[in-house]
Amino acid sequence: MKKVLFRPSKLKNFLLLFSIFFVLGLNAQEEAAEESGPKVIEAVPDADPAKGKELFNSLCAACHKPYKKAVGPALHGVSERRDLDWIQRWTVNSRELIDSGDSQAVAIYEEYNKQAMPAFPQLSKEDVNDIVAYVEQPKPEPKTSKKDDVEGAVAAGGGGASTEVILGILAFVFLMLLVVLVLVNKTLRRFAEANNVELYKKKEKSKPIWVAFAENQFLVLVSVVVVLLMLAYGGYGYLMLVGVDQGYEPVQPIHYSHKIHAGENEIECKYCHSSARKSKHSGIPSLNVCMNCHKQIAEVSEETGNEEYSKEFYDNEIQKLYDATGWDPDSQSYTGETKPVKWVRIHNLPDFAYFNHAQHVTVGQIECQTCHGPVEEMEVMYQHSSLTMGWCINCHRETNVRMDDNPYYEKIHEELSKKYGVDQLTAAEMGGLECGKCHY
Amino acid sequence: MKRYSSLIYVLMFSFILTSCFDKSKPNFQYFPDMYEPISYETYGEYSIFQDGQQALEPVAESISRGWLPYDYEDSAEGYDLAKAELKNPLPYTEENYNKGEEMYAIYCATCHGDKGNGKGYLVEREKILGVPSYDDVGRAITEGSVYHVMYHGINTMGSYASQMSNEELWQLTHYVMTLKDLLEDKEQKEFVEDVENPVVR
C-alpha cells in the first residue's frame, strides 16, 4: 500500500543521455569557431582584462554590472563617456572629486540620490585600467540563437511530449502486428479447412471447473476464509493510510527548487527557515529573504537549466518573485505594488498534536533531513515522513537525548540516568512518551 | 470474449484503486473535526485581516520584543553616524563569540566566506559577485557599521533583522570584528568575563 514516487523510465534516461551528447557535440563545434582571444581595448591598450575581471568581481560587482544598471550605472562604454584620468581619480576617491566641484562628478552624484561610491585607495592606476579593459570588452553574444533552437527541439524530443509520440508509434506497431497475426491465422484456417485437417479434437463435454469447485464444500470454505483474510489485510492497510499524507507533493505557486538552493548552492536550511531555530514553526521565509540574493540574481545560469526545466522556465519563476515583491529590475527599486504568494502547506500536523521545531532543532540538534528526508535533492518538495504518532514515538524510543553542554537539564539528566541505570537517556525515558507532552 | 471479461474487471479495479492516489492532493481524513484549528493559524487566509492575509508586517512605530528603538536612518548619513558612534552593548565573552560564530555559519559564510575574505561558496560559483573582504580599507568597517548594515542592508545586501534577534546581531558583530582583526594579522582580543547578564536581551 506504500505509494511509490515517480521514477523516470529507462526510455527517458536513454533520451536524456542522447540529448546531452547531442548538445555537447554542438557546443564543441561552436567553441572551436569562437576561439579568437580577448579583444584589445583602444582606450587602455596595455591593460589586462583577466586581472580586471578578478578585481571587478571582488570590488565593483556589489554595485555595478558591466552591461546592466544595478545600484550604480552600467560600466560598459565608460571610457567613451569619461576620460581615463577622470575614471582613475573617481575610483580611488570619488568624494574628493565631488568636493573639488568637478561638474561631471557632481552631476552623477546628484543623479544617484547623493549616494557616494566608497573610496578604493588600494587600487593603483594600472588596476583601474585593467578594470576598464574588462568592462569595455564587447558583450558576449548570447549563445542562445542556434543552440536554443536545437535544445528546444531536443527538449521537446526528450521531455514529456516526445515520450508520448514514441509510445504512440509503439502502440501503432503493436496494432499492426496484431492485425497481421489475425490475418495469418485466418488464412491458415482456411487452408486447413480446404485440406480437411481437423484443427481441434472434439472435447468430451466435462463438468465445468467452477461447478466442480462449488461442489467441494471444504475447498469453498477455505478459499472464502483466505479471500476474507486478504481483504481484511488490504482494507486495514488502506484505512490506516487515511489522514496520512506521505508523498504529498502539491504544485506551488512559484516553482522553488530545494535542489538548486540547498543542494547545488549549499545554502543552510536555517538561512531561509530561520524561525525553526527559536519557534514552534519552521516558517516559510518572507519574500525579503528571497530578495537578499535575488536582487542580484535575476536569471539562472546556463548550466542550471536542464532537460526537465529549461533556463527560460526558471527565469520566469524568478520573475514571479519580482512581481510578488514589486521589484523592478530595470530601475533597481521597489514599486510598492505587492501581492502575497499563496504557498501550499505540505507538512501539517492535526491541531490536537503539538510539535515544536525549536525544541528539536536547537536543543536536540536534530538534522532537518532526519524528518524531512533528502530535501537537498528534491526538485519539488514532498512530504518524506508519514508524520504519524507511531513514527514520532518510534524516534523518541530510539534517539538519545544530548546531555552534554546543556546545563539547563544537567540535574534531571543525572537523576534520571541514576534511576534507569543507564549512561544515555532516550527521549522516551525523559518523558517523551507521555500523552500530555504533545496532546493538551 | 467472455473469458477476457474477468481480466478487464481486474484492470478496471486496479485503475480505480491507483487513481485514488493523486500526490498533488492530500489524502482523505476521517472526521477531521479536531484536525482543523479553530483559532487563526500562522500564514492562514482569513477575511478579517487586511488582504485576507494573516502574515502581516508589525504595526509601524512598534518595537518587537527583544529589540530597542534604532534611530539611525537607512541612508548614507545614518550609516556614517552609526559607523562613528554606535558601540556593541554586549561584552566580548566566549559565549557571545561562539553564538556569533554559529550565526555566521548560517547567514554570512555562504557569501562572505568562512574567513570573511569575501570568497564564500556562492562567490566561488559566481552566483553573487562583489562581496568585499572585511579588511577592505575603503570601507574600514566598525562595530557600528557592521550592525547598521545587518539591520538595514546596504547596496545588494539585504536586511537580516527579520532572520536574527537583536542580541544575535550584536553577537554576530563580535564575530565579524574578530574576523576583521584576523584578516589584518592582528591578535584576537581577550575574552572578558560576563558581568551579570548582557544589557540587551
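None of the figures in this text is laboratory data; all of them are computed from the coordinates on show. The structure displayed is predicted, hence computed values, not measured ones. Methodologically, a virtual Cβ is constructed for each residue, glycine included, from the backbone with ideal geometry; neighbour enumeration extends over all protein chains shown.
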- Item | For segment B:168-181, Karplus couplings with θ = phi - 60° (6.51, -1.76, 1.60), whole Hz, Gly/Pro x | 5, 4, 6, 5, 5, 4, 4, 5, 4, 5, 5, 4, 4, 4
- Kirkwood hydrodynamic radius of segment B:38-86, Cα pairs, Å: 13.9 Å
- Task: Classify the protein assembly as shown as rounded, prolate or oblate from the Cα gyration tensor: take a ≥ b ≥ c as the square roots of its eigenvalues, call it rounded if a/c is under 1.5, otherwise prolate when a/b beats b/c and oblate if not.
- Result: oblate
- For an R0 of 51 angstrom, estimate the FRET efficiency from the Cβ-Cβ distance between residue B:114 and residue B:59 and round to the nearest 0.05. 0.85
- Message: Take residue A:187 and residue B:183, extend 7 Å from each Cα along the Cα→Cβ direction, and tell me the distance between the two endpoints in nm.
- Response: 8.5 nm
- Query: Long-range amide H contacts for residue A:327: which residues qualify at under 5 Å (H placed 1.01 Å from N, peptide plane, sequence gap of 5 or more or a different chain)?
  - Reply: A:335
- Query: Can you list the residues, at least 5 places off or on another chain, whose amide H is less than 5 Å from the amide H of residue B:131, using H built in the peptide plane?
  - Reply: none
- Item | Debye, to nearest 20: dipole size of chain B, +1 on Lys, Arg Cβ, -1 on Asp, Glu Cβ | 1620 debye
- Query: Applying 1/(1 + (r/R0)^6) with R0 = 30 Å to the Cβ-Cβ distance of residue A:205 and residue A:171, what FRET efficiency is obtained, to the nearest 0.05?
  - Reply: 0.15
- Rh (Kirkwood, all Cα-Cα pairs) for chain B, Å, reads 21.5 Å
- Shape descriptors of segment A:306-352 over alpha-carbon atoms, Rg and Dmax in angstrom, are 15.5, 49
- Query: Rounded if a/c is under 1.5, else prolate if a/b beats b/c, else oblate: with a ≥ b ≥ c from the C-alpha gyration tensor eigenvalues square-rooted, which is segment A:168-279?
  - Reply: oblate
- Query: When the helix-only estimate is applied to chain B (DSSP H runs of n ≥ 4, each -39,500 (n - 2.57), divided by the residue count), what is the mean residue ellipticity at 222 nm, nearest 500 deg cm²/dmol?
  - Reply: -12000 deg cm²/dmol
- Task: State, to one decimal in nm, how far the label point of residue A:124 lies from the label point of residue A:242, with both points 7 Å from Cα in the Cβ direction.
- Result: 8.0 nm
- Task: Using just the alpha carbons, could you tell me how many Å³ per residue the convex hull of segment A:235-345 encloses?
- Result: 151 Å³
- Message: What FRET efficiency comes out for residue B:7 versus residue A:194 if R0 is 25 angstrom and r is the Cβ-Cβ distance? Round to the nearest 0.05.
- Response: 0.15
- Message: What whole-number distance in Å separates the alpha-carbon centres of segment A:92-120 and segment B:68-84?
- Response: 21 Å
- Hey, can you grab everything whose amide H is under 5 Å from the amide H of residue B:35? Only 5+ residues off in sequence or another chain; H modelled, so Pro and N-termini drop out. A:351
